[in-house]
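The structure appears below as structure tokens.
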Amino acid sequence: MTLHIFNPENDLALACPSPHFIPPASARQMADDLSALPVWWAMRGDAVCVASVKEARRWAEEAGGICPEVRWVGRDGLPSDADVDPWGWSPLMVQRLLTGGADRSRLPDEARLARYRELSNRRHAVDMLAYLCDPDLDLGQKWRDRLCGVSYYCTGEQEIIRRMRQYPETLLKAPWSGSGKGLRLGRGGYVPPLSGWCGRQLREQGGVIVEPVYNKVSDFALEFYADGAGGVRYTGLSVFLTTARGTYAGNWVASEEDKVRWLTDRIPLLLWQMLKTAVTHYLADWLGNGYNGHLGVDMMLCRVPGSEYLCVHPCVEINLRRTMGQVSVDLASFLAPSSEARFVIDYEKEAGRLWSEHCRCEEDHPLCLRKGKLLQGYLPLVPVTPSAHYRAALWVSPKSGKK
């Protein structure tokens with residue numbers, strides 16, 4: 001049996017790696033409201049840790065038989081005989097598990113946690129990007145005109161200033177931060193408050209990543225699983241939506257064939273095949289036996305001045321944890337062959353608004369199944385209560401042939 005836990009504050013907990021770190025209220029609320037989400041990748045008979053066992057059971061019973069059968073457990077009664085599969089690993093996660101009754105021998109020790117944190121540093125995405133675009137290697141040599149992307153890990157203020165001056169617009173990143181957080185636009189030059197923010201990152205995290213701003217057309221990612229013994233397996237392509245500020249907004253849920261067709265309508269099939277192979281081999285060599293679990297590599301399709309074709313930025317971020325992109329890959333197995341879906345995370349500041357919206361959606365878009373698979377309609381992926389501020393939902397529809 002495996003115990004699954006959704007801890008979306010993981011990236012924040014790596015930025016402040018104390019086992020006693022207190023996540024912001026918004027992250028704690030998200031963890032509570034979406035705690036049942038792992039049911040969609042858990043195996044039958046696994047355990048899922050939730051904020052309310054009562055609500056989870058009620059919701060699962062009302063889900064029309066589509067929800068997998070799992071054991072719902074509270075945070076204070078964790079099974080000691082289970083392997084543990086959280087969203088991501090951090091000292092905070094281990095401390096919570098120990099407090100809840102988990103077996104210490106089944107959890108990563110301090111050295112392994114330190115290794116996970118080091119591997120999660122954004123500077124590794126800088127190295128991977130340089131490797132994939134290297135004109136002396138197969139991928140960069142053959143597809144030099146269809147790849148784009150440069151990024152710099154800077155350890156001093158003068159280096160930051162020099163890199164910022166190379167480009168009309170730049171994006172600056174902290175080595176560790178939450179998804180969509182820890183980012184600053186370099187508009188206006190190296191002046192307050194940007195200079196103060198950079199100084200703080202240099203003191204506290206040792207560096208700042210500087211990269212040019214690209215004319216992005218689409219976001220996508222390659223999802224993987226590392227077995228902890230040097231093997232890395234590709235698990236699927238994800239196509240996702242982000243807000244104007246770069247935070248995650250949703251995913252297209254479809255078959256792998258449909259998503260690959262979408263991508264290869266925009267870039268050559270051979271480029272896609274070589275890119276997938278190069279990334280898989282790089283990850284295996286880089287991670288070795290240092291990481292066991294899911295991870296994703298975020299990429300972009302961009303328009304580049306002087307090119308009539310879309311170019312691939314092959315490494316925007318490396319997320320060393322399970323990702324929403326991987327969730328969308330897992331959710332595709334629940335769809336009828338003739339359907340596709342939109343996977344969305346909603347937020348409402350005012351309690352009660354999501355509940356009202358949820359009730360309206362259930363009435364206006366009833367869920368339809370065909371042979372036990374999702375055909376059309378609205379499916380809440382977690383219990384939605386009157387006090388909820390976050391919701392995970394799937395909007396299922398017939399395939400449109402367009403993305």
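The values are calculated or read from the model by the stated rules, or taken from the named source; none is laboratory data. Quantities reported herein were computed from a predicted structural model and do not represent experimental measurements. Cβ coordinates were reconstructed from backbone atoms using ideal geometry, including for glycine residues, and neighbour counts include every protein chain displayed.
Miscellaneous remarks
- Annotation note: Cβ proximity below 8 Å between a residue of segment 352-377 that is of a type outside the set (A, V, I, L, M) and a residue that is exposed (fewer than 12 other Cβ atoms within 10 Å of the Cβ) and assigned to a strand (DSSP E or B) (sequence gap 6+ or interchain) occurs for GLN376/PRO398.
- Single unsatisfied condition, MET164 versus (1) among the hydrophobic types (A, V, I, L, M, F, W, C); (2) touching a residue at least 60 places away in the same chain (Cβ under 8 Å); (3) surrounded by 17 or more Cβ atoms within 10 Å (Cβ to Cβ); (4) more than 16 Å from ALA15 (Cα to Cα): (2)
- Being of a type in the set (S, T, N, Q) and modelled with pLDDT of 95 or more is a condition met by at least one residue of segment 45-67.
- So THR247, is it hydroxyl-bearing (Ser, Thr, Tyr) and either in the same structural domain as LEU381 (by TED's automatic domain parsing) or modelled with pLDDT under 95 (or both): yes
- In the set GLY88, GLY65, GLY77, only one residue is surrounded by 21 or more Cβ atoms within 10 Å (Cβ to Cβ) and either outside the structural domain of TYR291 (by TED's automatic domain parsing) or part of a helix (DSSP H, G or I) (or both); that residue is GLY88.
- Residue match in segment 324-334 (condition: part of a loop (DSSP other than H, G, I, E, B), buried (at least 23 other Cβ atoms within 10 Å of the Cβ) and touching a residue at least 40 places away in the same chain (Cβ under 8 Å)): no
- Applying the criterion of at least 2 residues that are over 21 Å from TRP87 (Cβ atoms) to the helices (runs of 4 or more DSSP H) found wholly in segment 97-174 leaves 123-132, 138-142, 157-164.
- Sole exception among (1) surrounded by fewer than 19 Cβ atoms within 10 Å (Cβ to Cβ); (2) more than 21 Å from PRO386 (Cβ to Cβ); (3) of a type outside the set (Gly, Ala, Ser) for VAL39, by number: (1)
- Count of segment 369-383 residues which are charged (D, E, K, R) and either outside the structural domain of CYS359 (by TED's automatic domain parsing) or assigned to a strand (DSSP E or B) (or both): 2
- Those residues of segment 260-277 which are assigned to a helix (DSSP H, G or I), without any contact (Cβ under 8 Å) to a residue 60 or more places away in the chain and surrounded by 13 or more Cβ atoms within 10 Å (Cβ to Cβ), in sequence order: VAL260, ARG261, LEU263, THR264, TRP272, LYS276, THR277
- Test: residue in segment 324-346 that is more than 22 Å from ILE66 (Cα to Cα) and not assigned by TED's automatic domain parsing to the domain that holds LEU171: no
- Beta carbons closer than 9 Å, at least 6 apart along the sequence or on distinct chains, pair a first residue in segment 4-21 that is closer than 12 Å to ARG96 by Cα with a second that is charged (D, E, K, R) and assigned to a helix (DSSP H, G or I) for ILE5/ARG96; ASN7/ARG96; PRO19/ARG96.
- Identity of the residue in segment 272-313, of a type in the set (A, V, I, L, M, F, W, C) and out of contact with any strand residue (DSSP E or B) (no Cβ under 7 Å at 6 or more places or on another chain), that ends up nearest to LEU107 (Cα to Cα): TRP286
- Of everything in segment 24-60 that is in a loop (DSSP other than H, G, I, E, B) and free of Cβ contacts under 8 Å to residues at least 60 places away in the same chain, the residue that is farthest from MET1 (Cα to Cα) is PRO24.
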